Structure formats: C-alpha cells, structure tokens
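Presented below is the structure to which this report refers.
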Amino acid sequence: MKKHLATLLALLLASSSLLVSCGGAESAETESVIDTSPAETEPEDTALKSALPADLDFDGATVLIHARGDDNSWLEVQAEESTGEVLNDSIYNRNLKVSEQLNADVRGYRGQGWATYWDSTSDINMLKTSITAGDNAFQCIAGWNTFIVPLALENYFHDLYDAPYLDLEKPWWNQSASQTLTMGGKRHFVTGDISILTMLGGAYVMFANDKVAEDNGIGSLADMVREGTWTIDNMRAITQILYNDLDGNGTMDDKDSYGFITDTYNSADSWYTAADIHQIELDDTVLPVFVPQQEKVSGLIDKTFDFWHNGSVSGAYCTDADTQCVMFKNNQALLIQRELDNARTYFRDMEDSYTLLPFPKYDEQQANYISAAYNGATLWCVPVDNPDVDIACAVMEALAYETFTNVTPVYFETCLQTKVARNNDTIEMLTIIRDGCCLDVEYLYNSVLGKTNQVMRDLVVTKKSNNVASWYASNEQKIQSTIETTIGTLQEMH
C-alpha cells in the first residue's frame with residue numbers, strides 16, 4: 001500500500017495542473033537517463049519553485065479575502081486555528097508562511113454561505129455595493145463560480161490577463177481554466193490547486209459498495225473502468241436487477257434496496273458533462289458560440305431518464321443527501337453518486353468497504369472518463385476598488401504555490417488515500433477521476449451563456465420530461481440571445 005501511495009503522490013506532483021481539460025490529460029513521454037556524474041556531485045534541484053521575487057515586502061499590508069463561507073469554501077481560504085487535524089493545519093500553516101514571506105496580513109472574511117449568497121441580503125449584493133462605493137473592503141474574492149461570474153461583465157473585477165506575479169503556466173494553476181477564463185480577450189478569474197476542496201473535492205464521482213457487489217455476484221467495476229467498458233448502458237444493466245422491496249410495503253422508499261441512488265439538480269448536470277457534451281465553444285476570436293448537440297443530448301436522456309423516474313427498472317431512488325448516505329452505509333445500494341470529498345466527510349466512518357469510480361462513459365467510443373466539477377467551485381478575482389493589484393496577485397500566486405506544494409499532497413496522500421481509500425482500486429481510480437475533472441467555457445460561464453449544461457436538471461428533473469425536441473424549441477433562441485448579449489458586453493468592455 002505504501003508503495004502505491006508513494007507512486008501516486010509522485011505522479012500528482014509531476015502533473016501539469018491540479019485539474020485538466022475535459023477528457024483527461026495525455027502523459028508526457030519520458031526516457032531513461034543514466035547518471036554519469038561523479039558521486040560527490042550534488043544532485044540538481046528539480047523541485048518546482050515559485051517565481052515570486054524573494055525580496056517582496058508589502059510592509060504589513062492587509063489582504064482580506066472574501067470567501068463564500070460554507071465549510072469547504074471557507075477552509076480553502078483560511079483555517080482559523082491549529083487543531084491537530086492534518087488538512088486544517090496544512091492550510092493554517094500555508095497562510096502563516098505566505099503572510100511571513102510577503103510581510104502581509106493575509107486572512108479571510110467568512111461570508112454567509114450558499115443559501116443566501118445571491119438573495120436580497122446576499123454577499124453578492126454586499127460586494128457590489130462595497131465595490132461601487134470604492135470601499136476597498138476586500139483585496140481578493142474567492143467567489144462561487146455560478147454567481148460571481150456575471151459580475152465580471154459589470155466591470156466589478158480587474159482584468160488579470162497581464163497581471164503581475166501570476167504565473168498561470170505553472171502547474172498550481174489549472175491550465176484548461178486559464179485558457180477558458182480568457183473570454184473575449186479578458187481574464188477576470190483564476191483557479192487551480194488554490195480551490196482544491198471545491199473543485200476537485202466537489203467533482204462528482206460514483207461510490208461502489210463492495211459488500212453489495214460481492215453479495216450479488218457482481219464482478220469488479222474497477223476492471224470495467226480499466227477495460228473502457230464502464231458505460232451508462234452497462235451501468236444500467238447492472239443496477240436494474242438490484243431493486244428489492246425490503247419492507248414489503250409495496251412502496252419504493254428509503255427502507256428498500258437499490259442498484260443506484262442519486263439526488264437531483266447538481267447531480268443531473270454531472271451526467272451531461274461526463275458524457276463529453278459541449279454546446280458552447282470559443283471561436284477564433286475567443287468569443288462564445290452555440291453548437292447544439294440535440295442528437296447526443298437526446299441519447300443521454302434516453303439512457304438515464306429512468307434513473308430519476310422509474311426506480312424499479314433502473315434501481316435509482318431520489319431523496320435528500322443525508323438519507324442517501326445513510327442508505328449507502330447500510331448497504332442498501334450498489335452505487336451512489338456524490339462529490340469526491342464526501343469520502344472524507346460522509347463516508348469516512350463507513351464500516352464496509354467501497355470503491356471510488358469515475359462516472360461511466362456515454363459509450364465505449366468516448367475516449368476518456370470525465371468528472372464534472374461542482375458548480376459551486378471557487379474562482380479567484382480582484383475587485384476594481386482595490387488599487388494594489390500587485391499585492392493581491394502576489395498573495396494569490398503564493399497561496400496557489402503553497403497549496404500545490406504542501407496542501408494538495410496532504411489532501412491526496414493523507415485525507416483521501418491513507419484515511420479513505422479502502423483498496424488499491426480506489427487509489428488508481430482517484431488518478432483517473434483527477435485527470436478527467438472537467439473545466440470548460442460552458443461550465444465556467446454557464447450563468448451568462450444560456451445554462452446549456454443544465455438541460456438534464458431542467459428537462460428531466462424539473463419537468464419530468466424526455467421531450468428533447470420541445471426543450472430545444474423553447475430554449476434555443478433564448479440561449480442564442482443570451483450569448484449575443486454577453487458578446488456585446490465583452491466587446492463594449494474593450
């Protein structure tokens with residue numbers, strides 16, 4: 001086990017970024033080199049290093065970072081004290097180190113959380129009011145992706161395209177996001193290892209109950225992943241035979257057993273991404289265009305509709321998140337769809353073994369397994385009322401580097417692998433999940449590009465319909481109009 005952990009950690013640190021573009025990453029070829037240098041020669045230091053000048057000194061300046069406030073979005077920004085818990089303390093020590101390195105008071109401001117983030121008394125409205133007034137209350141914002149992005153089109157944030165100190169080609173910044181977030185020639189947001197808990201930790205994955213698999217004579221699902229046969233059709237074939245009315249009341253409820261259990265909105269979105277569907281792309285001028293994929297969307301809904309609406313056939317059941325997790329721990333389901341970080345939280349105390357899996361492919365022709373990041377992932381930006389962009393960017397660069405160097409290994413090696421992984425299959429699957437975590441323009445800018453990636457939640461979950469043609473007839477013009485409005489705004493900002 002230790003050998004597997006060491007090997008995977010080495011791969012993680014050598015990777016080009018925390019998260020990569022949709023469809024996974026290609027491995028760079030390497031060749032063996034025999035070291036012929038004298039034995040007494042010191043080995044070359046090949047460790048990745050930050051390019052921040054060693055003599056940066058911001059004379060005790062305060063850098064207050066506004067965070068959304070939910071547990072993981074807050075912990076990414078600040079651990080309030082050293083508690084002895086390894087992840088908490090790695091973040092606590094990271095912030096101390098950055099503050100000392102830059103001679104700056106780097107600390108977070110905890111927002112109200114997701115439930116009120118955007119309402120009339122919300123953090124979003126508070127930020128808009130403060131920035132408009134020129135308060136310079138916050139020097140950085142670690143914002144909720146879905147709701148922070150529209151503010152960029154209202155000129156609330158600095159353009160970071162040529163900002164100082166940010167070295168976005170380094171692996172602690174997400175390379176795919178760095179390109180995608182440069183829409184219309186402007187880059188208002190950055191992300192990468194600095195958002196590890198809400199992006200990678202928020203990626204949707206499958207938890208497979210090993211006891212249920214063994215009791216029902218189901219072979220290795222991890223082997224199916226390796227062979228490229230872990231597809232939606234094959235998952236359905238496996239799960240549809242597992243429904244059992246355990247309490248004999250003739251009603252499907254949380255006392256029964258299922259092949260697969262899931263919840264609703266965000267989970268539904270993840271199937272769209274995992275199927276490698278992209279209906280928004282950037283053209284040669286780096287502006288968004290709508291590329292409808294009605295046939296593939298229709299195929300996806302045909303394959304998955306029963307997961308929400310015919311549980312006795314598919315083995316699916318919708319209920320609240322806490323109940324789902326209790327059911328899975330009680331061996332009432334083979335599979336449950338949850339965020340990756342639930343392995344560290346909800347399922348850490350689970351007695352029976354489970355295996356983490358990526359989402360199934362749309363079909364065997366799909367090249368890679370793709371994991372959808374959560375739409376509450378954190379994007380970092382600098383408000384325009386902060387006149388000291390240099391300090392803000394230096395802090396973000398330092399935090400990203402220190403996260404990559406000292407927090408990411410703790411999260412993977414200690415929190416997920418040592419404390420959570422129940423078998424070697426899960427350790428291998430974690431790499432596949434990580435390499436396939438998707439960030440594209442459709443995901444990152446969904447709120448201002450027509451929300452095309454929410455077709456599953458809109459049609460299947462909310463409307464309980466599989467009439468894809470009707471959805472396109474009702475939405476295509478609205479999507480195109482929204483995109484044109486966004487393009488017009490981007491052009492006016494130049």
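For the stretch 171-230, what log10 I(q)/I(0) values come out of the Debye formula at q = 0.29 1/Å, with one point per alpha carbon and no solvent? Reported log10 I(q)/I(0), two decimals: -1.13. Within the stretch 185-202, name every residue whose backbone N is under 12 Å away from a label modeled 7 Å from Cα of Asp89 along the Cβ vector. Backbone N within reach: none found. Toward the positive end of the charge dipole of the stretch 323-396, with +1 on the Cβ of Lys and Arg and -1 on the Cβ of Asp and Glu, the farthest Cα among Leu340, Asn330, Tyr369 is that of Asn330. One decimal place: the segment Asp105-Glu154 gains 14.7 nm when fully extended, by the rule 0.36 nm per residue minus the C-alpha distance.
The calculated FRET efficiency for Glu80 paired with Asp135, based on their beta-carbon distance and R0 = 35 Å, is about 0.90. Computed over Cα pairs, the Kirkwood radius of the chain leads via Stokes-Einstein (1.567 mPa s, 4 °C) to a diffusion coefficient of 55 µm² per second. Look at the alpha carbon pairs under 8 Å that are at least 6 residues apart: their mean separation over the length of the chain gives a relative contact order of 27 percent. If you take every DSSP beta bridge fully contained in the chain, what fraction is antiparallel? Give it as a percent rounded to 5. Roughly 55 percent of the beta bridges in the chain run antiparallel, per DSSP. Considering only Thr452, Ile301, Trp380, and ranking their Cα positions along the charge dipole of the chain that arises from unit charges at the beta-carbon of Lys, Arg, Asp and Glu, the one farthest toward the positive end is Ile301.
Across the protein chains, with a 1.4 Å probe defining accessible surface, the residues Glu85, Glu154 rank Glu154, Glu85 from largest area downward.
Neighbours of Ile131, meaning other residues whose beta-carbon lies under 14 angstrom from its beta-carbon, give a summed charge of -3 when Lys and Arg score +1 and Asp and Glu score -1.
Across every direction, the projection of the convex hull enclosing the Cα atoms of the stretch 107-230 has a mean area of 12.1 nm². Only protein heavy atoms count here; under a 1.4 Å probe, Tyr362 has an accessible surface of about 30 Å². Looking at the P(r) of the stretch 43-188, how many percent of alpha-carbon pairs lie beyond 19 Å? Beyond 19 Å sits 63 percent of the P(r) for the stretch 43-188. Across the stretch 353-363, rounded Karplus estimates of 3J(HN,Hα) from the backbone phi angles (6.51 cos²θ - 1.76 cosθ + 1.60, θ = phi - 60°) give 7, 9, 10, 7, 9, x, 4, x, 6, 4, 7 Hz, Gly and Pro being marked x. In order along the stretch 60-74, the Karplus-derived 3J(HN,Hα) couplings, from 6.51 cos²θ - 1.76 cosθ + 1.60 at θ = phi - 60°, round to x, 4, 7, 10, 9, 10, 7, 10, 4, x, 5, 3, 6, 5, 7 Hz, and Gly and Pro are given as x. As a quick test, which of the pairs Lys303/Lys451; Lys49/Lys186; Lys361/Lys419; Lys303/Lys361 have an alpha carbon distance above 23 angstrom in this structure? Going by Cα-Cα distance, Lys49/Lys186; Lys361/Lys419 fall outside the 23 Å limit. Packing, taken as the mean count of other beta carbons within 10 Å per residue, orders the peptides 112-118, 249-255 from highest to lowest as 112-118, 249-255. Ranked from largest to smallest solvent-accessible area, with a 1.4 Å probe on the protein heavy atoms, Leu246, Leu340 come out as Leu246, Leu340.
Note: relative contact order over the stretch 49-114, using C-alpha pairs below 8 Å and six or more positions apart, is 49 percent. When Rg and Dmax are taken over the Cα atoms of the stretch 405-494, they come to 20.0, 54 Å. Spatial offset of the stretch 83-146 relative to the stretch 202-249 amounts to 40 Å, using the alpha carbon center of each.
Reducing the stretch 356-427 and the stretch 323-345 to their Cα centroids gives an inter-centroid distance of 21 Å.
Taking 0.36 nm per residue of separation and subtracting the current Cα-Cα distance, fully stretching the chain between Asp215 and Thr62 would add 49.3 nm. Surface exposure of the chain, expressed per residue as accessible area with a 1.4 Å probe, stands at 41 Å².
Around the Cα centre of the chain, unit charges on the Cβ atoms of Lys, Arg, Asp and Glu (plus for the first two, minus for the last two) sum to a dipole of about 1100 debye. Under the convention that each Lys and Arg Cβ holds +1 and each Asp and Glu Cβ holds -1, the size of the dipole of the stretch 199-358 around its Cα centre is about 140 debye.
Compute the FRET efficiency between Leu96 and Asp253 as 1/(1 + (r/R0)^6), taking r as their Cβ-Cβ distance and R0 = 35 Å, and round to the nearest 0.05. Approximately 0.10, to the nearest 0.05. Relative contact order, whole percent, for the stretch 326-429 stands at 38, derived from Cα pairs under 8 Å and 6 or more residues apart. The stretch between Thr323 and Asp284 holds 9.3 nm of extra length on full extension. This uses 0.36 nm per residue minus the Cα-Cα distance. The Cα atoms of the stretch 293-428 define a convex hull whose projected area, averaged across directions, is 12.7 nm². If R₀ is 41 angstrom, what is the calculated FRET efficiency for the pair Asn424 and Ala473, using the beta carbon separation as r and rounding to 0.05? Computed FRET efficiency for Asn424 and Ala473: 0.25. By a 1.4 Å probe calculation restricted to protein chains, Arg344 has an accessible surface near 40 Å², given to the nearest 10.
The values are calculated or read from the model by the stated rules, or taken from the named source; none is laboratory data. Not measured: the values here are computed from a predicted model. For neighbour counting, all protein chains shown are included, and Cβ atoms are generated from backbone atoms with ideal geometry for every residue, glycine included. The protein model used for the area step is the full one, side chains on, heavy atoms only, and it has no ligands, DNA or RNA in it. Shrake-Rupley method; radii C 1.70, N 1.55, O 1.52, S 1.80 Å.
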